[in-house]
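Below is one structure; the comments refer to it alone.
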Amino acid sequence: MSDFSLEGALNQKILPAIIFDTEESVLPVAETLLRAGLYIMEIPFRTGVAEKAIIAIRKRFPEMYVGAGTLLSAGQVQTAVNSGAQFGLSPAFNQTVCNEAKHLHLPFIPGVMTPSEIEFANELGYTILKLFPAEQAGGTGFLKAIQGPYEQLAVKFIPMGGVSIDNIKPYLELKNVIAVGGSWMVTKQLMATKDYKKIEKNVIEALQKTQG
């Protein structure tokens, strides 16, 4: 799936956000996701390992579609592109970050939380938006409420923040949701204990929730 577009990769409807604390976990986790059948992942820029993790995964597993998350500055966008990230995300709508991503031709998903932010992002040409923090912003109720008014914009959302295996089904049933994301599939504890079987089980369970 290395030649997938962003929208094509999101057809799997699941986007795991994986915060690596050590380089040791990087390749085993990526291999586990692929074994479970998932070909897309986000690596948030919350630790110093993120850049090296993207480089390592892109080199070892070119079939994995790798995104850089939590991009809060133009400099981080540049670093993400240099590391080989194929798309980027931010938790909020930051026009400076969005402009840098456009300048560097990085497919980008800005975060939004309000109708105003949705409209501003769409004016810049973004049709895939991250709703963050999804549950705290109103969850499925919020997404249902904005579905009618913004249907003409054809925007799609990736709810993240408070999303788990227990509530992804209602999100995925909404017409304006393209995928759901979160860190519950690959937690720091599971990586610390090298419980790759549990990670694989979590990913398979999440993928099964997207069916039907």
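The values are calculated or read from the model by the stated rules, or taken from the named source; none is laboratory data. These numbers come from a predicted model, not from an experiment. Neighbour counts run over all protein chains shown; Cβ positions are idealised from the backbone, glycine included. We work out accessible area using only protein heavy atoms, side chains counted, and drop any ligands, DNA or RNA first. Shrake-Rupley method; radii C 1.70, N 1.55, O 1.52, S 1.80 Å.
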For Lys175 and Lys59 in one chain, what is 0.36 nm times their gap in residues minus the Cα-Cα distance, to one decimal in nm? 38.2 nm
Regression test value, accessible area per residue of region 65-189, probe 1.4 Å, units Å², expected 42
Sorted by accessible surface (1.4 Å probe, heavy atoms of the protein chains only), largest first, Lys175, Lys102 come out as Lys175, Lys102
So if we plug the beta-carbon distance of Ala154 and Leu72 into 1/(1 + (r/R0)^6) with R0 = 35 Å, what FRET efficiency do we get, rounded to 0.05? 0.80
For Gln136 and Lys197, compute 0.36 nm times the residue count separating them, minus their Cα-Cα distance, and round to one decimal in nm. 18.9 nm
Labelled set (i) 175; (ii) 208; (iii) 107; volume of the Cα convex hull per residue in Å³ computed from this model equals the value at (iii)
Tell me, in nm to one decimal, what length is gained between Glu123 and Lys188 on full extension, where the rule is 0.36 nm per residue of separation less the Cα-Cα distance? 19.7 nm
Accessible-area composition of the chain, carbon plus sulfur, in percent [1.4 Å probe]: 50
Could you name the lysines whose alpha carbon sits less than 21 Å from that of Lys130, not counting residues in the same chain fewer than 8 places away? Lys13, Lys102, Lys144, Lys156, Lys169, Lys175, Lys209
